[in-house]
Every structure is written in structure tokens, then in C-alpha cells.
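Undergrad: Have a look at this one before I ask anything.
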Amino acid sequence: MYSQGLDNLGDLPPEQEAELVATFQARIDAEEKIEPKDWMPARYRHTLVRQISQHAHSEVVGMLPEGNWLTRAPSLHRKAILLAKVQDEAGHGAYLYSAAETLGVSRQEMVDDLIAGKARYSSIFNYPTPTWADVGAIGWLVDGAAIINQVPLCRCSYGPYARAMVRICREESFHQRQGYDIMQSLCSGTDAQREMAQDALNRWWWPSLMMFGPPDSDSVHSDQSMAWKIKRFSNDDLRQKFIDITIPQAEHLGLNVPDPDLRWDEESQHYEFGPIDWEEFSAVLAGDGPCNEERADAFAHKYEDGAWVREAAAAYAQKHTTQSKGKS
Ligand code: 3HC
């Protein structure tokens, strides 16, 4: 996948290659940003293309579960906010596809791989949104988890990814707040509304913890990605941070986190939590989550439906280029 043009070592003699690798690592260690035209090891490039394209796909597929509520939001005000949020996610996808393109892979290749089922996107978007409270839970928990995971990516060693993340994180903060605001309204409403909020928390809590990826002991990419300063913290460290921040928020809402083992540990100053069902995570990654098929079909159909928009935009861009060439 995405292999064309990604191997830049060619036939370099081993000593020259070792020197390039050492200089590259020294730049990373000195917190210098790596830019598209700089020399980089092929594996660094591959790792970035893998992570950034998966991230872009997650933003785009992530529009589907919430898009499901655009026509059914409970008021015009809520609808306008949700519409803006879903549009932001499309924008995040666009920034991230562009960042990945600077590494020598085309957006078309990435999208083709997603449609062919060869590319990953976040496990979290394979869960259904049967009630309005799910829109609140997604904003509060899913965008909340995304912020914890993504703020450190603003310091990623690869310049275009780091810069894209600065803007994305600002918007994700607004998304988290709109989700929490929905939950607050429901929790201060009728018994039925509070129950709806609790039910959404029950269904989204564990999948949100899985968003951070497998436990550190099973994370195949973390060590190298941290050495390259693509990732700054391990999956488990970020998961713990999310839990520590989110439990007091749930308490403030008057909701119960669905984990009987959850307890505050004075000594470590962290919450201890129960076992995560990693079999469920593996099943979702293998395509057997509750909505994998539905998401794949919806994305492919929407992409097909949007062909005329892409064609019109390309024709408009070409006309403009021809006109400005004619003027000069
Ligand atoms: N869902 C799907 N796949 C996952 C996953 C998840 N939650 N967590 C890990 N994986 C996959 C990895 O992609 C990797 O698969 P691969 O080798 O086929 O690529 C495998 O599981 C092993 O995991 P690792 O921990 O070794 O992988 P990473 O070092 O890449 O860490 C990650 C995983 C923490 C998700 C990291 O890639 C990352 O930080 N990515 C950027 C952020 C991102 O993509 N977030 C997705 C959510 S975006 C979002 O939620 C949109 C917002 O609007 C809400």
C-alpha cells in the first residue's frame, strides 16, 4: 500500500546511509521540524503516511455517525451547531490528506484504499448512534479523547502534520464543549432524558478508551514512533490521562461510568479502571464491529455521488489556470 515513490534510499552505500540516518535522528533529537523536501528514512515516511492517512480517513468516516442526526437535531440551534461541526470534520480530513500528500502519496490512492477496505480508520466510528444523546456522547467523549491524543501531535516532528494539528485541535475543543453541553442539557432535563444520556455513556465509554489503541505491550509502532517524535506519549499514558480528566466531568453530570472496578488511587493520584475488552477491539479492527459494513458502504456511495462536484471543481480550476495564463 502507498509504496510508489516512498523508498528514497535507493542504492546508497551503507556508510552513507548510516550517516544520513544519524544526521536525521540528531535533527529530531534537537526538536527540528522535518519538512517535505528534507531527506528522511523510508520507514519514517511510511509510518507518517500510514498514521496521517488513517487519521484523515477517521475524520471523514467520523462524519457519518453524526451526519445521521443532521436532519433530526432537536432544534434549529442544535442543527446549526452540528452542521458546523460535521463540516469541520470534512475540513480536518482535507488538511490531513494534504499533509499526507506532501510525503508523495496521492489523495486518490488513499481514498481508493479506503474504498477497497485496505485502509484503517478509527475503531470508534463503527458504533451506532440510535439516540440524540449519542451526538452528545460523541462530542464529549470521542472528541475529548481525540484532543488528548492529538494535542501532542501539534509537536510531531513532521512539520506539515504538526501544523495541520494546531488548527484541528482548536476546532476539536469546540466540538468537545458542544458535546458536553448536549449532555448537560439532557442531564438537567426529564428522567427520560437523563436515562438517554446514561445509556449513551454506557455504550460509548469502553469504545472511547479503545480509541487510544492497543495496550503499550501490544503496540507495534509506538517505540519507533516515539523515537522519531511522531508520537510523544504512549497509548496507555494518554488513555490514563483521558480517564483522569473525564471521570470528574461524568460526576458533575451526575452520570455513572459503567466500570465497577473504577476507583481513585491516592498513592498514584490516578483512577484505576477495569479490564478493557481487547477482543472486541480486535473484532472491530478485523471488520466485525456493529457498523463496519454500513460505514464502508456509505462512504463508497457518498464518494460516488460526489463525483460531479469533484469534476465541476476540477473544470473550474482548469478554466481559471487557462485564463490566468492567457493574461500573463
Ligand atoms: N482504531 C483503528 N485502528 C487502530 C486503533 C483504533 N482506535 N488503534 C490502533 N490501531 C491500529 C494501528 O493503526 C495499527 O495498525 P496498522 O499497523 O495496520 O497501521 C495497530 O492498530 C497497532 O497499533 P499501534 O499502537 O502500534 O499504532 P500507532 O502507533 O499508530 O498508534 C494511534 C495508534 C494512537 C491511533 C496513532 O496512530 C495516532 O495517534 N493516530 C493519530 C490520531 C488518529 O488517527 N485518531 C483517530 C481518531 S480521529 C477522530 O477521532 C476524529 C475526531 O473528529 C473525533
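Undergrad: Quick check on this structure: which one of Val142, Val135 is touching a residue at least 24 places away in the same chain (Cβ under 8 Å), more than 10 Å from the ligand (Cβ to nearest atom), within 17 Å of the chain's Cα centre (by Cα) and within 18 Å of Val61 (Cβ to Cβ)?
TA: None of the other options fit; the residue is Val135.
Undergrad: Then there is this: If a residue counts only when it is small (Gly, Ala, Ser), which helices (runs of 4 or more DSSP H) contained entirely in the stretch 101-202 have at least 1 such residues?
TA: 132-137, 144-150, 159-187
Undergrad: Here is a further query. Given the structure, is Ser328 modelled with pLDDT under 95, open to solvent by 80 Å² or more (accessible area, probe 1.4 Å) and of a type outside the set (A, V, I, L, M)?
TA: Yes; evaluated as a whole, the condition is true for this residue.
Undergrad: Given the conditions (1) over 26 Å from Thr129 (Cβ atoms); (2) in contact with a helix residue (DSSP H, G or I) (Cβ under 6 Å, 6 or more places away or on another chain); (3) open to solvent by less than 40 Å² (accessible area, probe 1.4 Å), and given that Ala42 satisfies all but one, which numbered condition is not satisfied?
TA: Only one criterion is unmet by Ala42, namely (2).
Undergrad: In addition: Go through the stretch 168-195 residue by residue and tally those that are within 23 Å of Ala84 (Cβ to Cβ) and open to solvent by 60 Å² or more (accessible area, probe 1.4 Å).
TA: So the count comes out to 5.
Undergrad: Looking at Phe174 and the list (1) modelled with pLDDT of 95 or more; (2) farther than 28 Å from Ile28 by Cβ, which single condition is not satisfied?
TA: Among (1) modelled with pLDDT of 95 or more; (2) farther than 28 Å from Ile28 by Cβ, Phe174 violates only (1).
Undergrad: For the stretch 47-93, what are the residues that are away from the ligand (no atom under 12 Å from the Cβ), open to solvent by 10 Å² or more (accessible area, probe 1.4 Å) and touching a residue at least 24 places away in the same chain (Cβ under 8 Å)?
TA: Asn68, Trp69, Arg72, Ala73, Pro74, Arg78, Ile81
Undergrad: Being assigned to a helix (DSSP H, G or I) and within 13 Å of the ligand (Cβ to nearest atom) narrows it down to one residue among Arg232, Arg239; which is it?
TA: The match here is Arg239.
The values are calculated or read from the model by the stated rules, or taken from the named source; none is laboratory data. Values in this document were obtained by computation on a predicted structure and should not be read as measured data. All Cβ positions, even for glycine, are placed from backbone atoms using ideal geometry, and neighbour counts span all protein chains on display. Calculation scope for accessible area: heavy atoms of the full protein, side chains included, ligands and nucleic acids excluded. Shrake-Rupley method; radii C 1.70, N 1.55, O 1.52, S 1.80 Å.
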